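Right, one structure below, let's go through it.
The values are calculated or read from the model by the stated rules, or taken from the named source; none is laboratory data. Given the structure is predicted, the values throughout are model-derived calculations rather than measurements. Every residue, glycine as well, gets a Cβ built from its backbone with ideal geometry; the counts of neighbours run over all protein chains shown. Just so you know, the surface numbers come from the protein's heavy atoms only, side chains and all, with ligands and any DNA or RNA stripped out. Shrake-Rupley method; radii C 1.70, N 1.55, O 1.52, S 1.80 Å.
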Amino acid sequence: MPKIKLPTKTPHIDMTPMVDTFAVVLTFLLLTTTMRQPEPANVDTPFSISETPTPDFNSMTFLLSPDGKVFMNFDNGPDTILKFRPKILVEMGKRYGIEFNEFEQREFEKYPSSMGVPITQMKEFLNTKEAAGRKNFQTGIPMDSADNQLAMWIQYARTVNPNIQACIKGDSKTEFPVVKRVLDILQELNVKRYSLITNLEGAKINLEEIQQ
Amino acid sequence: MAEVIVEEKGGKKKAKKHPPRLDMTPMVDLMCLLITFFMLTTALSKPKVMDITLPDKLTDPNQKAPLIAASRTLNIILGPENKIYWYPGTVKPEDYNNLPPVFETDFSATGIRQLLLDRNRALFRKIADFKQQVISGKINISQDSTESAIRKLKTDDDTGPIVLIKAYKKANYGNFVDILDEMNICGIARCPFVDIAWYEERMVEAAAGIAATTTASSN
């Protein structure tokens with residue numbers, strides 16, 4: 001074999017420390033990251049000075065989109081170990097005379113973001129595989145007085161998990177009547193304490209000015 | 001490690017002069033990409049929540065809402081286009097033909113906040129002093145009890161305004177959160193959220209120059 005002739009030496013930079021730092025940063029980011037789940041509707045939450053963090057579990061979140069649709073989510077994202085989600089779905093199915101099989105319950109459990117599907121279409125929604133196809137079913141939960149499914153969801157969620165806490169996540173531009181309707185439903189069901197999801201912003205008040 | 005040390009075997013082969021160097025550039029490139037990806041997708045600031053409590057709904061028709069002093073009452077109505085309308089005291093629905101004017105203000109620091117702070121000066125100063133003393137160590141109190149101590153200050157308060165928050169139908173959710181936030185900032189002790197009355201809708205419509213809705217809702 002002919003000997004490969006090495007080219008004349010170029011100055012070699014030792015990249016080891018750089019690689020080490022990168023690895024540390026990468027590990028840190030990998031461990032701390034929480035993936036943002038795409039919500040069915042784009043929602044820009046308003047700002048407040050509140051510093052209480054969002055609860056990770058025992059929560060039901062109602063997403064109010066700017067065009068007045070209502071979506072809901074239990075335990076923000078994938079289900080926790082206690083498996084409240086399929087139980088809520090089964091109870092809801094019983095109320096409306098729909099039976100959900102094992103597969104559909106698991107799909108409901110796994111669904112990572114908010115759902116706004118009328119219960120009559122829930123079965124088809126859960127059996128649809130593609131995300132694009134599922135999107136068509138997200139028409140918002142009906143909540144008029146004739147067919148108040150939102151109230152039913154809240155009621156069964158509270159029956160299954162008595163510690164559940166209601167959170168409302170609305171867009172700044174959501175019309176007030178929609179918000180009022182949701183608040184009324186909550187109030188009718190005796191949910192008196194609930195949380196509004198906001199982003200943090202600082203507010204400064206000049207003390208000297210006030211103390212004049 | 002960047003360099004791999006190759007052991008010589010038995011001396012049969014010629015010892016290599018340079019140990020093979022691994023080129024790490026592609027690895028660094030890849031790591032850079034991954035770091036950028038994670039930095040962009042990660043949600044660093046977790047959303048916060050603001051707790052609110054609503055009063056019981058009056059189901060019994062014989063039950064009456066608690067009476068409050070008109071002199072302490074301040075009515076705030078969230079209007080269209082991010083405006084706030086307010087008026088002090090109460091209005092009787094009998095005065096339909098002679099409704100008092102509403103004052104217009106906005107969500108800026110010199111708007112509603114100034115108004116609320118002016119009326120709530122005593123309590124606000126008390127809370128601010130208390131916080132100052134906690135920070136400077138004059139009062140030795142644990143972090144958990146600070147909150148409840150402030151809440152105690154608020155419930156004991158009997159001079160500050162009672163703010164009734166109402167919303168006109170053209171208001172949006174952002175206004176609602178903003179006004180509740182403003183109550184927190186100004187340390188308002190009592191700020192129930194109540195339904196808007198039909199005569200108040202009229203007052204807002206008159207002030208904002210909106211044609212009055214023909215079907216006056218009765219709630």
- Task: Only one of these is within 14 Å of another protein chain (Cβ to nearest Cβ), free of Cβ contacts under 8 Å to residues at least 24 places away in the same chain and within 30 Å of B:TYR199 (Cβ to Cβ): B:TYR168, B:TYR173. Name it.
- Result: B:TYR173
- Residue pairs qualifying under the 6 Å Cβ cut-off, at least six apart or on distinct chains, with the first in region B:187-205 being modelled with pLDDT under 80 and the second being in a helix (DSSP H, G or I), are B:GLY187/B:LEU123; B:GLY187/B:PHE124; B:GLY187/B:ILE127; B:ALA189/B:LYS154; B:CYS191/B:MET183; B:TYR199/B:PRO93
- Identify, from the list A:ARG95, A:ARG181, A:ARG106, the residue that is among the charged types (D, E, K, R) and within 14 Å of chain B (Cβ to nearest Cβ). A:ARG181
- Task: Out of the residues in region B:126-156 that are over 22 Å from the mean Cα position of the chain (by Cα) and of a type in the set (Asp, Glu), state the one that is surrounded by the fewest Cβ atoms within 10 Å (Cβ to Cβ).
- Result: B:ASP156
- Query: helices (runs of 4 or more DSSP H) wholly in region A:83-189 with at least 1 residues that are open to solvent by 70 Å² or more (accessible area, probe 1.4 Å), of a type outside the set (A, V, I, L, M) and closer than 30 Å to B:GLY79 by Cα - which ones?
  - Reply: A:176-188
- Query: So which strands (runs of 3 or more DSSP E) stay within region B:23-125 end to end and still have 2 or more residues that are at pLDDT 75 or above, more than 14 Å from chain A (Cβ to nearest Cβ) and open to solvent by 90 Å² or more (accessible area, probe 1.4 Å)?
  - Reply: B:103-105
